[in-house]
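See structure below.
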Amino acid sequence: MNGGEIIARVLQKQGVKFLFTLCGGHISPIFVSAEKAGIRIIDTRHETNAVFAADAVARLTGIPGVVAVTAGPGLTNTITAIKNAYLAQSPIILLGGAAATILKGRGSLQDIDQMKMMKPNVKWAASINQVKEIVPTLEKAFAIAQEGMPGPVFVECPVDTLYDEELVRSWYGAKSKEVPPKNLRERVVQWYINHHAKNLFKEKDNINFNNPPAVASFPKHSSSQTSKAISRIKSASKPLMLIGSGAMMNPQRANELASAVSQLGIPVYLSGMARGLLGKENQLQMRHHRKEAIKEADLIILAGVPNDFRLDYGNHIGGRPFISINRSKEDLTKNKNPTIGILADPQEFLIDLSKKFQGNYTGWIETLRNRDNKREANINEQANAVTQQGINPIKLFRELEPVLDDNTILVADGGDFVATSAYTLRPRSPLSWLDPGVFGTLGVGAGFALGAKLVFPEKDVWIIYGDGSAGYSLMEYDTFVRHKLPVISVIGNDACWAQIARDQIEFLKSDTAMNLAYSNYQDIGKAFGAEGVRVENIDAFNAAVVEAKSMSRKGKPYIINAIIGKTDFRKGSISL
């Protein structure tokens, strides 16, 4: 059994169903052995998209997503996606090829100090030096990735730990004792090589595969903390709840959390992975004027939400009392100490809280609901405005919203166009919205969609792309076609980096580096065997949506390249 086969066996035992990769000689035994073990191998066109796909799998299943990339540039290509996963608190196992243990630091192909590069960007990093270390190292990696605040880990797999011993010894030129060295220098070199090979494969046949997968551990709340929170909530007449990605770390209990939130009866704003938690329509969920609602509330509950730039570093809350529940000690008190701080899993806490408390805030909910309805009416007015060129993007989403199936997953990848969609599209159910998270990374679209379609092949997966962000990953339409994954994309094409341009032009009076072209992005998909169309008016868009859904049912990925006009809908919304 070689190192690749050992890794495959560990992945299988950990419940891994997909391995994302881009081929390289350093890592071939990993994905070849994994395929033989029944793990589906998905090879992407760029390593960063392999990581994004693994990130989506982790978010949607709770099982760490696994990626294998080759040494050197294969690994450096993952950095942005790995850092995004780190900040989004997604558990990922990144297996990186490396130069042979005997050649490290000697100028071998693609040999760099990978450990020094990766350690600042992951929860934990380790390098395998002997074949017998593979199993315990990987078992520890899976445990660390999931415990406490989840995140990515890196395991460096030197090429000579992965291939068959006989082949590796032939690479080394390790000779048997029957072939005597010709001189002292050769004798010393031969001794060193033989000694190194012997140590590398020492006890490789005594590996233990019997350890059960580790159960994820994280801080737990106490009954006294629950009681304290209930007492505080009971004293409030206008409580408000904010639920974010930090409350969605166990996707298996997402529906249970949704029931708990409904049972609590407290009006709520949802963000990140929590979008869609309460379905398309729920009287408790508010979508607009969050800042104003916070200022009117007499108690705020942050469930998996830190006081970062999204809450103006705590300034939105100001001096109001608030309860914060978070697995992360850092996020729990970021920028502002809570009135009640609970270091625990927000999902478990809210589920437990709902069994002991149910509130009734009809008047408060009605106030918020009326304001939401007025904003919806205002958005409808803006949707009907005529733009100078192309489709009004607000109108586009207003038309798309009612025809999306209930089994839809939305993947958000872009700036202005995607942010507009967040005001107008309504995720249908828990785990039906994927966005990059706090890092604000462009380019997640194809990778996230890839992972989502693999986990939920029966669902429609739509990527909402800006024309700028689409440039990062449209090549993955090749991957969609090859692996028969009929993803649909809508590209908002205004030939501009609109979110940045709006403020740059106003403040700096320049459109330098802002302009793109009204390119035929749909032809990229067609080049790989997908389908697509360019549309320039709302009727053509509506027809394209019908065709996209039809083609998806037939197994064809699709691109709608929608030429859109410019609006001031989100003027002044850039976050810094």
For this session: Assess whether Pro158 counts as being assigned by TED's automatic domain parsing to the domain that holds Val67, buried (at least 19 other Cβ atoms within 10 Å of the Cβ) and within 19 Å of the chain's Cα centre (by Cα).
Result: no
For this session: Would you check if Asp503 is in contact (Cβ under 8 Å) with a residue 60 or more places away in the chain, of a type in the set (Asp, Glu), outside the structural domain of Val66 (by TED's automatic domain parsing) and surrounded by fewer than 24 Cβ atoms within 10 Å (Cβ to Cβ)?
Result: yes
Seminar exercise, completed: All conditions in (1) polar (S, T, N, Q); (2) touching a residue at least 40 places away in the same chain (Cβ under 8 Å); (3) not assigned by TED's automatic domain parsing to the domain that holds Asp467 are true of Asn392 except (3)
Exercise. Only one of these conditions is not met by Ile325: (1) under 24 Å from the mean Cα position of the chain (by Cα); (2) not small (Gly, Ala, Ser); (3) not in a strand (DSSP E or B). Which number is it?
Worked result: (3)
For this session: Report, by residue number, each residue of the stretch 178-193 that is exposed (fewer than 11 other Cβ atoms within 10 Å of the Cβ) and at pLDDT below 75.
Result: Glu178, Val179, Pro180, Lys182
Problem set entry | Residue satisfying all of: in the stretch 50-72; closer than 22 Å to Ile112 by Cβ and in a helix (DSSP H, G or I); nearest to the chain's Cα centre (by Cα) among these | Val51
For this session: Report yes if Leu396 is at pLDDT 95 or above, in contact with a strand residue (DSSP E or B) (Cβ under 7 Å, 6 or more places away or on another chain) and buried (at least 18 other Cβ atoms within 10 Å of the Cβ), otherwise no.
Result: yes
Problem set entry | For Trp364: the one exception among (1) farther than 21 Å from Ala293 by Cβ; (2) among the aromatic types (Phe, Trp, Tyr); (3) outside the structural domain of Ile491 (by TED's automatic domain parsing) | (1)
Problem set entry | Residues of the stretch 106-127 satisfying the condition of being in contact (Cβ under 8 Å) with a residue 40 or more places away in the chain, over 22 Å from the mean Cα position of the chain (by Cα) and assigned to a loop (DSSP other than H, G, I, E, B) | Gln110, Asp111, Ile112
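Yes or no, residue by residue, for (1) among the acidic types (Asp, Glu); (2) closer than 19 Å to Ala50 by Cα; (3) out of contact with any Ser or Thr (no Cβ under 7 Å at 6 or more places or on another chain):
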{"residue": "Ser429", "(1), (2), (3)": "no, no, yes"}
{"residue": "Leu434", "(1), (2), (3)": "no, yes, yes"}
{"residue": "Thr441", "(1), (2), (3)": "no, yes, no"}
{"residue": "Leu450", "(1), (2), (3)": "no, yes, no"}
For this session: Considering (1) in contact with a Ser or Thr (Cβ under 9 Å, 6 or more places away or on another chain); (2) under 24 Å from Ala297 (Cβ atoms), say which one Ile394 fails and leave the rest.
Result: (2)
Exercise. Considering Gly555, Gly532, which residue is of a type in the set (Gly, Ala, Ser) and surrounded by 18 or more Cβ atoms within 10 Å (Cβ to Cβ)?
Worked result: Gly532
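The values are calculated or read from the model by the stated rules, or taken from the named source; none is laboratory data. As the structure is a prediction and not an experimental result, all values here were calculated from the model. When we count neighbours, we look across all protein chains shown, and the Cβ atoms used for this are built from the backbone with ideal geometry, even at glycine.
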